[in-house]
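Below is one structure, written out as C-alpha cells; the observations come after it.
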Amino acid sequence: MLRNCIICSGVFFLGLLVVLPTARAADAVSVSEIEEESGVEHGKINTPDASPVDPGHFEIESSYGYTHSKRYWDNDGDTHARGLAREQSVGLSLTVGVIENVDVAVGWNYAWLKDNDNDFDADDAAFGPASGHDFGDLELSGRYRFIENKENSFELAYIGGFTLPTGSSSDRDEIGTSQEYWSFNQTLVASKDWGKWTANADIGYALPLGNKRENARGAFNADVAVGYQWLSWLQPEVELNYGHDFLTDEEDSEGLATTVGLVMPVNDQYRVNLGVQQGLWGRNSDKATTLYGAVKLAF
C-alpha cells in the first residue's frame, strides 16, 4: 500500500515539474499582457466557482490529498485524543463545456484509508480492520450559470448532480471507500471580483437516497473564499468551510475549517493549486489537517 501511495504521489508531483518550467516562461511575459488575456482567476481550493467551461472546451484535473488526524471533537465540542486516522487519495476529473453557460463534470478517485480506532464489533471486542483501499464513489454534476453581470463582475450558478456508490463497502477485511448510498447534490454558487480581489461563496445540500442510507439524512455545506491576484500567475487565497451531517438515532456531526492556499494560473492552459485545510471546531468529528494539490489542464 505504501509503495502505491509513493508511486501515485510521484506521478502527481511529476506533473508539477512539467508545469513549473511553463510558469517561469510565463513570468517572462509582462504582467499587463497576461492580465489582459486572462484577468483574475476564480478557482479556489475547496470552494467552487460560478464560471462554467466555454462550449466546445474541456478541463482535466488531477489531484492528490492527504488527511491526518489524532484528535476528535465530542458532542460538546471538546477535543480528545484518538488513534491515528489517515486518508490519502488521488483523483481525476473531466469538465466539458456543453452550451453557453452550461458544463458537465465527472470525477473519480482512488483512496487509501487507515483508522486505528476502527471497531466493527464492540460486543465481543473483535477489532475491525484498520485499513482499506479501493476506488471511491463516482461524482456526476452539471453547472448552469443563470446570472452573469459583466459590468459588476458578478456570476451566480446552480450545480446539481449525483454521487454514485461505486466504491467498496466496509467489511471485516477492509475499511470501505464508499458512502454506500446514492445522493442528490445541489449547490448555489456565487463569484464576484473587485479589481484584483476575488470572492466565491456557496451553499449546498446532499440528499441521501435509498434504504442503504441507514441513519444518514443529509449533509449541509457552506463555504466562502477570498483571494488576491498578487501576480498574473499567483493568487494567495483563504477560505472558511463548514459542514453539517444530519443523522437519525445518532448525534449530528459538524465541523468548521479554514483553508489557505495558492492558486496559480500559469497560463491559459495550466493551473496549479496547493493548499492546506485545518479543522477549527466541530462536534462528533475528527480534528483533521489536510494537504491538497492539483494540476488542471484546459483545452
Mind counting the residues in region 238-286 that are within 14 Å of F220 (Cβ to Cβ), out of contact with any Phe, Trp or Tyr (no Cβ under 9 Å at 6 or more places or on another chain) and of a type in the set (A, V, I, L, M, F, W, C)? 1
Being within 18 Å of the chain's Cα centre (by Cα) and surrounded by fewer than 17 Cβ atoms within 10 Å (Cβ to Cβ) is the filter here, so list the residues in region 276-299 that pass it. V276, Q278, L280, T289, L291, L297
Can you tell me which residues in region 163-177 are buried (at least 17 other Cβ atoms within 10 Å of the Cβ) and farther than 18 Å from S141 by Cα? S168, S170, E174, I175, G176, T177
Output the number of residues of region 74-84 satisfying the condition of being at negative phi and in a loop (DSSP other than H, G, I, E, B). 4
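Condition (residue is in contact with a helix residue (DSSP H, G or I) (Cβ under 6 Å, 6 or more places away or on another chain) and either modelled with pLDDT under 95 or at negative phi (or both)) applied to region 239-260: is it met by at least one residue?
The answer is no, given that none of the residues of region 239-260 is in contact with a helix residue (DSSP H, G or I) (Cβ under 6 Å, 6 or more places away or on another chain) and either modelled with pLDDT under 95 or at negative phi (or both).
When only residues in region 102-124 that are of a type in the set (A, V, I, L, M, F, W, C) and either surrounded by 17 or more Cβ atoms within 10 Å (Cβ to Cβ) or modelled with pLDDT of 95 or more (or both) count, which is farthest from the chain's Cα centre (by Cα)? Spell out the reasoning first.
Going through region 102-124, the residues of a type in the set (A, V, I, L, M, F, W, C) turn out to be 102, 104-106, 108, 111-113, 120, 122.
Filter once more, so that each one left must be either surrounded by 17 or more Cβ atoms within 10 Å (Cβ to Cβ) or modelled with pLDDT of 95 or more (or both): 102, 104-106, 108, 111-113.
Values: V102: 21, V104: 17, A105: 14, V106: 13, W108: 12, A111: 14, W112: 16, L113: 17 Å.
Ranking the candidates gives V102 first.
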If you check R71 against the conditions, is it in contact with an Asp or Glu (Cβ under 7 Å, 6 or more places away or on another chain), in contact (Cβ under 8 Å) with a residue 40 or more places away in the chain, in a strand (DSSP E or B) and surrounded by fewer than 17 Cβ atoms within 10 Å (Cβ to Cβ)? no
Tell me, which residue of region 147-175 that is in contact with a strand residue (DSSP E or B) (Cβ under 6 Å, 6 or more places away or on another chain) and of a type in the set (D, E) is farthest from V96 (Cα to Cα)? E174
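Of everything in region 69-96 that's within 20 Å of the chain's Cα centre (by Cα) and not aliphatic (A, V, I, L, M), which residue is farthest from N118 (Cα to Cα)? Can you show your working first?
Going residue by residue through region 69-96, those that are within 20 Å of the chain's Cα centre (by Cα) are 69, 85-96.
From what is left, the residues that are not aliphatic (A, V, I, L, M) are 69, 86-89, 91, 93, 95.
On the way: S69: 13, R86: 12, E87: 14, Q88: 17, S89: 19, G91: 25, S93: 30, T95: 36 Å.
Restricting to residues being within 20 Å of the chain's Cα centre (by Cα) and not aliphatic (A, V, I, L, M), the top hit is T95.
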Matching residues in region 128-183 (touching a Pro at 6+ places or on another chain (Cβ under 7 Å) and among the polar types (S, T, N, Q)) number 3
Selected residue (criterion: surrounded by the most Cβ atoms within 10 Å (Cβ to Cβ)) from residues of region 125-162 that are of a type in the set (S, T, Y) and touching a Lys or Arg at 6+ places or on another chain (Cβ under 8 Å): S153
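The values are calculated or read from the model by the stated rules, or taken from the named source; none is laboratory data. Remember, it's a predicted structure, so these values are computed and weren't measured experimentally. FYI the Cβ positions are ideal-geometry reconstructions off the backbone, even for glycines, and counts take in every protein chain you see.
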